[in-house]
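> Next up is a structure, given as structure tokens.
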Amino acid sequence: MTIQNGTRSAVFKIVASAVAALSLVAMAAPATAAGGGAKHPRSGGFSFEGPFGTFDQAQLQRGYKVYREVCAACHGMQLMSFRNLGQPGGPFYDAHENWSPAENPYVRALAAEVQVPDIDTETGEPITRPATPADHFPSPYPNATAAAAANGGAAPPDLSVMAKARHDGANYIYSLLSGYVPAPQGLKMAPGQHYNPYMAGDLAPFWEGDEHHVPPGGFIAMPAPLSDGQVTYDDGSPQTVDQYAKDVAAFIAWASDPHAVERKRTGFGVLIFLLLFAGLTYASYRRIWKGIAH
Amino acid sequence: MARSGSIGAHERCDVTESVELNHDGHGGGDDATRRDFIHIAAGAAAVGAGVMMAWPLVNQMNPAADTLALSTIEFDLTKVAEGMQVVIKWQGKPVFVRYRTPKEIEEAVDTPLSALKDPQTDADRVKEGHSQYLVVIGSCTHLGCVPTFNAGDYGGWFCPCHGSHYDTSGRIRKGPAPKNLVVPTYEYVSDTRVKIG
Amino acid sequence: MSDHESTYVPKTGIEKWLDSRLPIIRFGADYMSLPTPRNLNYWYTFGGILTLCLMVQIVTGIVLAMHYVPNTELAFASVERIMRDVNGGWLIRYVHANGASMFFIAVYLHMLRGLYYGSYKAPREIIWILGCVIFFLMIATAFLGYVLPWGQMSFWGAEVITNLIGAIPMIGEPVLIWLRGGPAIDNATLNRFFSLHYLLPFVIFGVVVLHLWALHTSGQNNPAGILIPKERTPKDTLPFHPYFTVKDGFAIILFLILFAVFVFYMPNALGHADNYIPANPLQTPAHIVPEWYMLPFYAILRAIPDKFGGVLAMFGAIGVLFILPWLDTSRVRSMRYRPTMKVFFLIFLVVGVGLGWCGAQLPDAQVVPGMPSFQLLDGQLNSYLWLTRLLTAYYFAFFFIIMPWVGLKETPLPVPHSISEPVLDGGIPEKKG
């Protein structure tokens, strides 16, 4: 057998192994598919998608504003601290200043706007005080039972990792928030329920119309939370439901995976290194096996 | 290798010696059996010691005293609307309390026992005079998922994991589950309150 | 180790002193100079890749355990704290989580390679059985580890899998309660799963040592399936180092590239979104699926309408691998010279992937949407239920019927007398072109 032949068959085998590996991986795909007959989320056209995408800082700032003024009334983000807003990649990070996240004056001001529960260090009595950057975002309800009781039995979920907890997270959040439409005629709805075509679910048992045309989506306990002009933007962005939904979806996507940009950047370097390393090792391999029949 | 070989030889010598000594000292062929018995007894004691040491290590995994302290909960039945169910948590598991409609009760009562995989009458599954309230542990008897309310082919529950269908009495009708939804121990403390556990 | 003459000569005084007390350098040197069949192809590099996977999992796992809290109230948040606040924690956690999938990709290819080239046949039965033990321990370890983040899939996966034990008649229920440490999956369960998840990789490591010991006693198999230790000639073999260290090394780097793509660009693609929802014992997710590497076995479990029968079939699907060396009746090891068996092997591959696909679908869903169908016993013929049953039947038939039967009936191609024969005579027949 000639060397040439050996190389070609080696390359073939590498390709074959890669194909075999990927076909195994492909089996994971159905596992991630969203269940139910929900409508496929619309694309929010987000800047952070793709291997080189980064977050739009102005969008994250607007998204935080929407969260704080609208969502935070019912939804906690327990895993987030105010300091996170000022960490590298965060909405209020300033690359030109040498502030630590806790020193960041924007973060300090934003934290101070919010009251958090504490214990008085002298009397031991429960008190509230303005938050500091180290504090976690306070939850609107003391516990899950209280949250459920105040919302007709459905506790509003924590939003800290919501973009990771739903398939196609950011697009899903954007589509859901901006996708409320009146319920179709013939859908039996219990009080306190709302229809949303992007919500997971199966509406067949509640549908009295044509059984082959069951409406997509499901019931959601949250009424449409956003309305045009509800939150004031200072940067001239349109104050519409669509824009609010996009911005808050971007903010939640960042909060769910705050190191995403750092991860992709690191990955780029790692892959470049590995490719060079592979090339060098292949050259070494060719040299060692030179003239060896196998 | 050489060294270990010589140790083996030594041991063999010792054994031969002791055999001869015993033989001289007591005489009779029974000694061989008695000696074997002693070795077997010693070996058995070693195994026994091992088991005795292993048992606490195995047993510690059984439910601890605080876990075993069975909790009971009381529930106010007026919280359930007709045709609906309320899910409460008891011993880490969901319990369904279902207020059945007359039509659902009728369906459950009219089902012949021959149609059931795990035959049980509806009357056996509710308390006398309270047949509208069905109390069952909301854990599919197949692999423990929580069945969804008011779904499946028999109007009771449907387990989304592996497709078991339960009727309005919580009895298994179709699918891989082997048993009916379990009715926990409970009693009526008043006309509108039940104590579970 | 046994048949290979040691060529190590201690040079310095210190080496001589050490060699007469603990010949560890000799051990390493002999390992590196081990005569290795010269025709090993890239399918033979997965052993090295798997060693790397085990090391990566152990090292990242030990580091993660420094930050993880095994408590139902804190576990989910502690994992997220690793991802957010621990320095570089996101990298370590994503490597560990995706590392499990990479480990299984490699182990499946490694096992399929063994199956194809007859690496389980005498005198290598013990190597194969030890490999099956490792595979079983890997499944157990992966399952225990998946519970630790205490998300919805963690909780319900634990619920479903522990309930499998409850299916055993008589002893099932007490064993189930013993295993969980209470009537339901709770803190006691999470705590012990963490302990066992930490322990098992070291047990795997121990079995890997035995696996390699057995391998070096019987000698490596090779694509031609010939050459057992006593037939070895210098023409057939090459020293392990540098020839196979560099080949394994190259393959490992290619594997790392795949690994890195997942870790850095799609770290959650192999997981399930529901596992980022904290565990809720009162609500089952709409669609429970195990991790992809368990899907074929999960499909077999669901194919059987009886609960205990399903459990038996699932464990049987792994158990049958243990007796594989005695099911294959062929005198020829490598399927390279078994054209009939090769066809059945390719079907087996498709069936394996198909079972994995079925495991991720709802059993009642239609396979071909809209195709007319009819009720057959307990389900529509055009449903994943029946497709899964068909594939399950082939899975078991492959081992219990096809393997013994084809081995007796088929006429294998002529097998070369030695490795060097086809290599030095101008190419192994099937590699032409």
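The values are calculated or read from the model by the stated rules, or taken from the named source; none is laboratory data. As the structure is a computational prediction, the values presented were derived from the model and not from experiment. FYI the Cβ positions are ideal-geometry reconstructions off the backbone, even for glycines, and counts take in every protein chain you see. For the accessible areas, the whole protein counts, side chains as well, though only heavy atoms, and no ligand, DNA or RNA atoms are used. Shrake-Rupley method; radii C 1.70, N 1.55, O 1.52, S 1.80 Å.
> Within region C:371-392, can one find any residue that is assigned to a loop (DSSP other than H, G, I, E, B), within 14 Å of chain A (Cβ to nearest Cβ) and surrounded by 12 or more Cβ atoms within 10 Å (Cβ to Cβ)?
no
> Of (1) in contact with a strand residue (DSSP E or B) (Cβ under 6 Å, 6 or more places away or on another chain); (2) over 20 Å from residue B:91 (Cβ atoms), residue B:194 satisfies all except one. Which?
(2)
> Something else about it: Looking only at region A:144-175, count every residue that is at pLDDT 90 or above, within 14 Å of chain C (Cβ to nearest Cβ) and either open to solvent by 40 Å² or more (accessible area, probe 1.4 Å) or touching a Phe, Trp or Tyr at 6+ places or on another chain (Cβ under 6 Å) (or both) and tell me the total.
11
> Tell me which residues, restricted to region A:46-87, are closer than 16 Å to residue A:160 by Cβ, of a type outside the set (D, E, K, R) and within 11 Å of chain C (Cβ to nearest Cβ).
Of everything in region A:46-87, those that are closer than 16 Å to residue A:160 by Cβ, of a type outside the set (D, E, K, R) and within 11 Å of chain C (Cβ to nearest Cβ) turn out to be A:78, A:79, A:80, A:81, A:84, A:87.
> Which count do you get for residues in region A:122-168 that are β-branched (Val, Ile, Thr) and part of a strand (DSSP E or B)?
Residues meeting the conditions: 2.
> Same structure again: Just one of the numbered conditions (1) open to solvent by less than 50 Å² (accessible area, probe 1.4 Å); (2) of a type outside the set (Lys, Arg); (3) free of Cβ contacts under 8 Å to residues at least 12 places away in the same chain is not true of residue A:198; which one?
Condition not satisfied by residue A:198: (3).
> Taking into account only those residues within region B:89-134 that are at positive phi and open to solvent by 20 Å² or more (accessible area, probe 1.4 Å), which is nearest to the other protein chains (Cβ to nearest Cβ)?
The selected residue is B:91.
> Only one of (1) surrounded by 14 or more Cβ atoms within 10 Å (Cβ to Cβ); (2) within 11 Å of another protein chain (Cβ to nearest Cβ); (3) β-branched (Val, Ile, Thr) is not met by residue A:261, so which one is it?
Failing condition for residue A:261: (2).
> Mind checking whether some residue in region C:219-228 is open to solvent by 20 Å² or more (accessible area, probe 1.4 Å), part of a helix (DSSP H, G or I) and touching a residue at least 60 places away in the same chain (Cβ under 8 Å)?
no
> Mind listing whichever residues of region A:45-74 are buried (at least 20 other Cβ atoms within 10 Å of the Cβ), under 12 Å from residue A:233 (Cβ atoms) and of a type in the set (A, V, I, L, M, F, W, C)?
A:66 - this is the single residue of region A:45-74 that is buried (at least 20 other Cβ atoms within 10 Å of the Cβ), under 12 Å from residue A:233 (Cβ atoms) and of a type in the set (A, V, I, L, M, F, W, C).
> Only one of (1) closer than 16 Å to residue C:122 by Cβ; (2) not in a loop (DSSP other than H, G, I, E, B) fails for residue C:354. Which number is that?
Of the numbered conditions (1) closer than 16 Å to residue C:122 by Cβ; (2) not in a loop (DSSP other than H, G, I, E, B), the odd one out for residue C:354 is (1).
> Just give me the residues in region C:345-367 being open to solvent by less than 70 Å² (accessible area, probe 1.4 Å) and farther than 24 Å from residue C:105 by Cα, in sequence order.
The answer is C:363, C:365, C:367.
> I need the full set of residues from region C:250-270 which are within 8 Å of chain A (Cβ to nearest Cβ), open to solvent by 20 Å² or more (accessible area, probe 1.4 Å) and not hydroxyl-bearing (Ser, Thr, Tyr), in order please.
If the condition is that a residue be within 8 Å of chain A (Cβ to nearest Cβ), open to solvent by 20 Å² or more (accessible area, probe 1.4 Å) and not hydroxyl-bearing (Ser, Thr, Tyr), then C:254, C:256, C:257, C:258, C:261, C:268, C:269 are the ones that fit.
> In this structure, does residue C:190 turn out to be assigned to a helix (DSSP H, G or I), within 14 Å of chain B (Cβ to nearest Cβ), open to solvent by less than 40 Å² (accessible area, probe 1.4 Å) and farther than 27 Å from residue C:36 by Cβ?
For residue C:190, the condition - assigned to a helix (DSSP H, G or I), within 14 Å of chain B (Cβ to nearest Cβ), open to solvent by less than 40 Å² (accessible area, probe 1.4 Å) and farther than 27 Å from residue C:36 by Cβ - is met.
> Could you list all residues from region A:264-287 that are within 8 Å of chain C (Cβ to nearest Cβ) and free of Cβ contacts under 8 Å to residues at least 24 places away in the same chain?
Residues satisfying the conditions are A:266, A:270, A:271, A:274, A:275, A:277, A:278, A:281, A:282, A:284, A:285.
> Then there's this: Being buried (at least 17 other Cβ atoms within 10 Å of the Cβ) and under 18 Å from the mean Cα position of the chain (by Cα) is the filter here; which residues of region C:323-344 pass it?
C:324, C:325
> Check off (1) at pLDDT below 90; (2) at negative phi for residue A:182 and give me the number that stays unchecked.
(1)
> Let me ask something additional. Kindly provide the set of residues from region C:158-186 that are part of a helix (DSSP H, G or I) and under 23 Å from residue C:275 (Cβ atoms), ordered by number.
Scanning region C:158-186 gives C:158, C:159, C:160, C:161, C:162, C:163, C:164, C:165, C:179, C:180.
> Let me spell it out: the conditions are (1) within 17 Å of the chain's Cα centre (by Cα); (2) open to solvent by 20 Å² or more (accessible area, probe 1.4 Å), and residue C:183 meets all of them except one. Which number is the exception?
(1)
> Out of all the residues in region C:278-286, is one or more aliphatic (A, V, I, L, M), surrounded by fewer than 20 Cβ atoms within 10 Å (Cβ to Cβ) and more than 7 Å from chain A (Cβ to nearest Cβ)?
Yes.
> Looking at A:255, A:293, which is the one that is assigned to a loop (DSSP other than H, G, I, E, B), facing chain C (nearest Cβ under 10 Å) and either among the hydrophobic types (A, V, I, L, M, F, W, C) or open to solvent by less than 70 Å² (accessible area, probe 1.4 Å) (or both)?
Only one candidate passes the filter, namely A:293.
> Of all residues in region A:149-177, which are at negative phi, out of contact with any Lys or Arg (no Cβ under 8 Å at 6 or more places or on another chain) and not hydrophobic (A, V, I, L, M, F, W, C)?
Listed by number, the residues that qualify are A:151, A:156, A:157, A:158, A:160, A:164, A:166, A:167, A:169.
> Let me ask another. Please go through region C:289-310 and pick out each residue that is open to solvent by 10 Å² or more (accessible area, probe 1.4 Å), over 19 Å from the mean Cα position of the chain (by Cα) and closer than 22 Å to residue C:158 by Cβ.
C:302, C:304, C:307, C:308
> Please count how many residues of region B:135-169 are polar (S, T, N, Q) and either part of a strand (DSSP E or B) or within 14 Å of chain C (Cβ to nearest Cβ) (or both).
So the answer is 4.
> Would you list the helices (runs of 4 or more DSSP H) that sit entirely within region C:20-126 and hold 3 or more residues that are at pLDDT 95 or above and surrounded by fewer than 17 Cβ atoms within 10 Å (Cβ to Cβ)?
C:46-65
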